[in-house]
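Working notes, structure below.
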Amino acid sequence: MKSDSMPMTALTGKQATVCILGTGDFGRSLGLRLLQAGYEVVYGSRNPGNSALLPNGAKVMSQQEASEKAGVIFVAVHRENYAFLSCLKPVLEGKVLVDISNNLKKQQYTESNAEYLSMLVPGAHVVKAFNTISAWALQSGGLDANRQVLICGNHVEAKQAVVDIIHSLGLTAVDRGSLRVASELEDLPHQLFPLWRLPLGISAGLLFALFVYVVIRDVVYARVVDNKDNSFRIMISLANKVFPTVSLVMFALCYLPGIIAAFVQLYNGTKYRRFPDWLDRWMLCRKQLGLLALAFAFLHVLYTLVKENKTYEFNEMWAWRSDSYLSMGILGFVLFVLLGITSLPSVSNSLNWREFSFIQSKLGYLALLLCTAHAFLYGWDKFLHESAYIWWMPSSYILALVVPCIVLVLKAILILPCLDRTITRIRQGWERSDKAGMDKNAKSSQPLIL
């Protein structure tokens, strides 16, 4: 690319003129934000006379006239309509072209739209940006997760000019490197819940397996042994066994990877060692696992409220057990909801790291302990009775306790003073220097994080 562009200082001032080629939804939203930020905005249109929908204060003219007015030009048209830019090559020489386009599907073309634009207008400095933020987000102020604007390009000064504009709009720029990354950025809008795939797969697998399990225990067994039809219980009673079990197991799975990571660091004697890929993926989706677990907990609460209430003859021991069981469930659920609320970006952004860590870690383990106690009190001594094992299959509440109990026991081991001090030192940068540890590190083929 050529570097004989106009001085970038002329492009970044608040009174600089910015051109937008295209008058669609995104172009209009972007123009409005630019006007609010103090820029002069000119639109390049095939029909300059049709300006009724454009924001007040913006000028509209032909595509060539608008391109001559500005040093930074936003190309807000689809790739199929890039042909007119070939006629503007002399005007676009040395200017910054910001490609904001996306395609209808992933990997639709051999090269990215930005690279194609760079080949079409080789004298311009092409920057890929704003394709991962929506017109609605621009109009609403770019709140929370929509504050980030991913950019890439080959020309440092051109990218800086775009970064200055992004900051002027109250957004955050994230530089992803050269223009070769543009294909990756253009594929991002087509990804459907990438961080939710593993949690959704886990929840679907647990739901299916547990639903089949309780149907065999409560419906198939009654039909085969007693010739009794209990299929009516599937809609409410059995569902209300599956949902809390899935919720408690997935809640425990949120904290299990952190415990495994702590034991891995103890074993390695250092924090400067990569975790296995499967553990990295697991740790990255803990928030999604927790939110899905909270959704199943809500379903458990709703299903419990609609179940038929039964009256029993008063028994003091049973009353204590019942009230304790309900109390643990209510307190655990309230803390669970608090964890879900603080995971929202708008809430977590208002907390410092110590506050966020206290809620998600300390209160999180307390919530898990209360929910586990809720399940224990629900079962009480049922696990001692033969009726709890149908065809040698334990009751679903027993299955629900396995993973949470493992997590709580392992956590209790980790908070022992001798281990807790070692883990703290390792996470502060200390490394074990004994010969066995050094030999182990030398033999490891895993790369270190420097």
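Brief remarks on what is shown
- Checked against the criterion of being within 22 Å of LEU419 (Cβ to Cβ) and under 25 Å from the mean Cα position of the chain (by Cα), the candidates TYR255, TYR267 yield just one match: TYR255.
- Elements of type helices (runs of 4 or more DSSP H) contained in the range 13-112, each with 1 or more residues being under 32 Å from the mean Cα position of the chain (by Cα): 25-36
- The range 69-87, residues that are under 17 Å from ASN47 (Cα atoms) and surrounded by 21 or more Cβ atoms within 10 Å (Cβ to Cβ): VAL75, ALA76, VAL77, LEU85
- Conditions (1) closer than 22 Å to MET61 by Cα; (2) modelled with pLDDT of 95 or more: number failed by PHE84: (2)
- Subset of the range 256-302 that is among the charged types (D, E, K, R) and touching a residue at least 40 places away in the same chain (Cβ under 8 Å) - its residue that is nearest to LEU331 (Cα to Cα): LYS287
- Residue in the range 362-379 that is within 28 Å of the chain's Cα centre (by Cα) and surrounded by fewer than 13 Cβ atoms within 10 Å (Cβ to Cβ) present: yes
- One residue from LEU200, LEU150, LEU192, LEU188 being within 21 Å of the chain's Cα centre (by Cα), within 25 Å of LEU292 (Cα to Cα) and not in a helix (DSSP H, G or I): LEU192
- Every condition in (1) surrounded by 13 or more Cβ atoms within 10 Å (Cβ to Cβ); (2) under 23 Å from THR424 (Cβ atoms) holds for ALA295 except the one numbered (2).
- Flag for PHE130 being on the phi > 0 side of the Ramachandran plot, in contact (Cβ under 8 Å) with a residue 24 or more places away in the chain, touching a strand residue (DSSP E or B) at 6+ places or on another chain (Cβ under 8 Å) and in the same structural domain as GLU157 (by TED's automatic domain parsing): yes
- If the condition is being over 14 Å from VAL98 (Cβ atoms) and of a type in the set (Gly, Ala, Ser), then the range 20-63 contributes GLY24, SER29, ALA37, GLY38, SER45, GLY49, SER51, ALA52, GLY57, ALA58, SER62.
- Just one residue in the set ALA173, ALA182, ALA209 is surrounded by fewer than 17 Cβ atoms within 10 Å (Cβ to Cβ), closer than 30 Å to ASP277 by Cβ and among the small types (Gly, Ala, Ser); that residue is ALA209.
- Counting the residues of the range 44-68 that are within 15 Å of VAL91 (Cβ to Cβ) and surrounded by fewer than 20 Cβ atoms within 10 Å (Cβ to Cβ) gives 5.
- Hits in the range 99-137 - residues which are among the acidic types (Asp, Glu) and more than 19 Å from ARG28 (Cα to Cα): GLU111, GLU115
- Matching residues in the range 348-388 - criterion: being among the aromatic types (Phe, Trp, Tyr) and touching a residue at least 24 places away in the same chain (Cβ under 8 Å): TYR365, PHE376, TYR378, TRP380
- Set ALA70, ALA37: member being among the aliphatic types (A, V, I, L, M) and in contact (Cβ under 8 Å) with a residue 60 or more places away in the chain: ALA37
The values are calculated or read from the model by the stated rules, or taken from the named source; none is laboratory data. All values derive from a computational prediction rather than experimental measurement. We place every Cβ from the backbone using ideal geometry, glycine too, and count neighbours over all the protein chains shown.
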